[in-house]
Amino acid sequence: MSRSRRSVTLAVAVIAALGLAACGPAASSGGDASASGPATELSLVGFAVPKAGNDAAQKLWGETSDGAGVTWTTSYGASGDQSRAVVAGLKADYVHFSLEGDVTRLVDEGLVAEDWNAGPTQGIVSDSVVVLVVRKGNPKNIQTWEDIVQPGVGIVSPNPGSSGSARWNILAAYGSVLAAGGSDADAEAYLTKFFTNVAALPGSGRDATTAFTSGTGDVLISYENEAILARQNGEDFDYVIPESTLLIENPAAVTVDADPKAQSYLDFVLSAEGQKAFAEVGFRPLDDSVTVEVEGANDPKNPFPAPGTLQTIADDFGGWSDANKKFFGDDGLVTRIQQETGKS
């Protein structure tokens, strides 16, 4: 589903959700159990990047009748690792991952219902785009995808073997060549230059940000929201939205054995209030009617400008099933290039 079509359908859901918007809590601290009887504890397992968004949404939800008294246990890390941990027995009422495949792994194990993505957003709860994070003042004048593969430019991006963030980043880089009129062979050659320039491949998107802010590399390939949040937290760097980039769409689901309040929290996240909470820490709202001033954005009053070309997994890569097989499987293009460049 395209971004514009999804926004229309979500707008209808938002109107309904606003009537329900009695939901609730802060992350691990939870709400006031005395407000509505016995406390309920929910477990959230997610990838590292949306922690701030969930923290904000949980706090707001905790101020509503559905969320009052709810406490949280949370586990955050690299998306693939977190998904596999749930399969291995890590308790989860609510999961929030980087990639669709990390949810469908749980569907295959009978831990999440097969119709988890049947709603108006097709299971997506948070959006962002891939950006280029550079040192303050942009000393190497990095403006385009071509700039980052020039000699002497060190790239930091998480490792696609563990991180969903990495896969979005790499497909955005590959897709930029196609968007400029290049062939698949041109895009493959580009990725070889990309990995040749890699200075570090940390385990998760959050770890990649930490490596960059600690001094590694010249450019960090990252989520837009991750760049904004880091600046909100005092990091002093710049970021560039390239002419061509990729729409990042992160899914969430409740597990089959979850407490019913987990579904209430998911509904709240998709409401206008929940989406505003995510937007305030840098995520692009699923519903374009949700507007907010965002500290840390390049332009706080216009925090989410439209890129020149915004590619999507569904429209430009055939969906995650095809993309994972072509790029990230044992015989995938990226897997082979990593091995050839010694950057596994």
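The values are calculated or read from the model by the stated rules, or taken from the named source; none is laboratory data. None of these values were measured; they are calculated from a predicted model. In this analysis, Cβ positions are derived from the backbone assuming ideal geometry, glycine residues included, and neighbour counts consider all displayed protein chains. Remember, those area values only see protein heavy atoms, side chains included, never the ligands or the DNA or RNA. Shrake-Rupley method; radii C 1.70, N 1.55, O 1.52, S 1.80 Å.
Can you tell me which residues in segment 240-252 are in contact with an Asp or Glu (Cβ under 7 Å, 6 or more places away or on another chain) and of a type in the set (S, T, Y)? Of everything in segment 240-252, nothing turns out to be in contact with an Asp or Glu (Cβ under 7 Å, 6 or more places away or on another chain) and of a type in the set (S, T, Y).
Given S157, S163, S126, S176, which one is in contact with a Phe, Trp or Tyr (Cβ under 6 Å, 6 or more places away or on another chain) and closer than 30 Å to V45 by Cα?
Criteria check complete, one pass: S126.
Of the strands (runs of 3 or more DSSP E) lying entirely inside segment 194-302, those containing at least 2 residues that are surrounded by fewer than 24 Cβ atoms within 10 Å (Cβ to Cβ) and without any contact (Cβ under 8 Å) to a residue 60 or more places away in the chain are 198-200.
Residue count for segment 75-98, restricted to those that are in contact with a Ser or Thr (Cβ under 6 Å, 6 or more places away or on another chain) and modelled with pLDDT of 95 or more: 4. For segment 96-122, a tally of residues being over 13 Å from the mean Cα position of the chain (by Cα) and open to solvent by less than 60 Å² (accessible area, probe 1.4 Å) returns 14. Under the condition of being open to solvent by 50 Å² or more (accessible area, probe 1.4 Å) and either in a loop (DSSP other than H, G, I, E, B) or within 20 Å of D238 (Cβ to Cβ) (or both), the residues counted in segment 306-317 number 2. Contact map, segment 332-344: residues that are in contact (Cβ under 8 Å) with a residue 40 or more places away in the chain and small (G, A, S) paired with residues that are part of a helix (DSSP H, G or I) and crowded, with 16+ Cβ neighbours inside 10 Å, Cβ distance under 9 Å, separation 6+ or inter-chain. Pairs shown: S344/T335; S344/Q338. Taking (1) modelled with pLDDT under 95; (2) open to solvent by 80 Å² or more (accessible area, probe 1.4 Å); (3) in a helix (DSSP H, G or I); (4) not β-branched (V, I, T) in turn, N324 satisfies each apart from (2).
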